[in-house]
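Notes for the one structure printed next.
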Amino acid sequence: MKIESLRVGAYKIPTDAPESDGTLQWDATTLVLVRLDCQGHTGLGYSYAHAAIAGLIDSKLRPVVEGRDPFEGPALWSEMLNSLRNMGRPGLTSYAVAAVDVALWDLRARLLGLSLVDLLGRARRGIPIYGSGGFTSYSLSRLREQLGGWVDQGISMVKMKVGRQAEEDPERVRVARQAIGDQAELFVDANGGYRRKQALELGKRFREEAGVSWFEEPVP
């Protein structure tokens, strides 16, 4: 049993409107998609990363993977990392290896006729989810609509972005709390947009004024 081909492509997907968080703005998302073919089955993997990793995967990782047994998991992982040794391990190289590794796991599950959760070993029947959005580019009405809509659909935890205009964030967080009611959990994510003292002060306000239970990446 051998992997017959690795194909990779980068796709730019426009958002329905410009979006921003505490430190970045964008109007599209780049998806790098990997396809592995073996005995009539195709495993899919992807990374949310710069399109440059498509070339990295094709030039460096494809020669490692093609012609190999897809069940050589640890060996393939080590050899992929070794092939990128002089490029450093963090950053784009990690995104590249991750996309291929996910495709390998998907391919193994398909070859065995199993769901991936059963191949990995199911530990529970279900897990709670949270809705993530509430971008800093949203108007208050759009913020209410999105977060409140998720709770109406039965999602009991929601996360919103803060950190771009700190002086407006307490009001935005209060509006979010009003939209989701008292029973849902509210998370905030600043994407490193605050200074240390600013984060401490605002974190306290978010907790006291809106019952925020999770404050993600407050500082760089």
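Numerical summary
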| item | result |
| --- | --- |
| Total residues in the stretch 108-149, condition outside any helix (DSSP H, G or I) and not hydrophobic (A, V, I, L, M, F, W, C) | 17 |
| Residue ID - nearest to GLU208 (Cα to Cα), chosen from residues in the stretch 151-187 that are within 21 Å of the chain's Cα centre (by Cα) and of a type in the set (Gly, Ala, Ser) | GLY163 |
| Restricting the stretch 159-179 to residues that are touching an Asp or Glu at 6+ places or on another chain (Cβ under 9 Å) and either more than 17 Å from GLY22 (Cα to Cα) or free of Cβ contacts under 8 Å to residues at least 12 places away in the same chain (or both), the residue that is surrounded by the most Cβ atoms within 10 Å (Cβ to Cβ) | ALA179 |
| Residue under evaluation TYR130, criteria (1) out of contact with any Gly (no Cβ under 9 Å at 6 or more places or on another chain); (2) crowded, with 16+ Cβ neighbours inside 10 Å; (3) aromatic (Phe, Trp, Tyr), criterion not met | (2) |
| Failed condition for THR15, given (1) closer than 30 Å to TYR194 by Cα; (2) surrounded by 13 or more Cβ atoms within 10 Å (Cβ to Cβ) | (2) |
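Matching residues to (1) on the phi > 0 side of the Ramachandran plot; (2) out of contact with any Lys or Arg (no Cβ under 6 Å at 6 or more places or on another chain); (3) not aliphatic (A, V, I, L, M):
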{"residue": "LEU107", "(1), (2), (3)": "no, yes, no"}
{"residue": "ASP118", "(1), (2), (3)": "no, yes, yes"}
{"residue": "GLY126", "(1), (2), (3)": "no, yes, yes"}
{"residue": "ILE129", "(1), (2), (3)": "no, yes, no"}
{"residue": "SER132", "(1), (2), (3)": "no, no, yes"}
{"residue": "TYR138", "(1), (2), (3)": "no, yes, yes"}
{"residue": "SER141", "(1), (2), (3)": "no, yes, yes"}
{"residue": "LEU147", "(1), (2), (3)": "no, yes, no"}
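FYI, it's all coordinate maths here, none of it is from the lab. Only a predicted model underlies this, so the values are computations on that prediction, with no experimental measurement involved. Cβ coordinates were reconstructed from backbone atoms using ideal geometry, including for glycine residues, and neighbour counts include every protein chain displayed.
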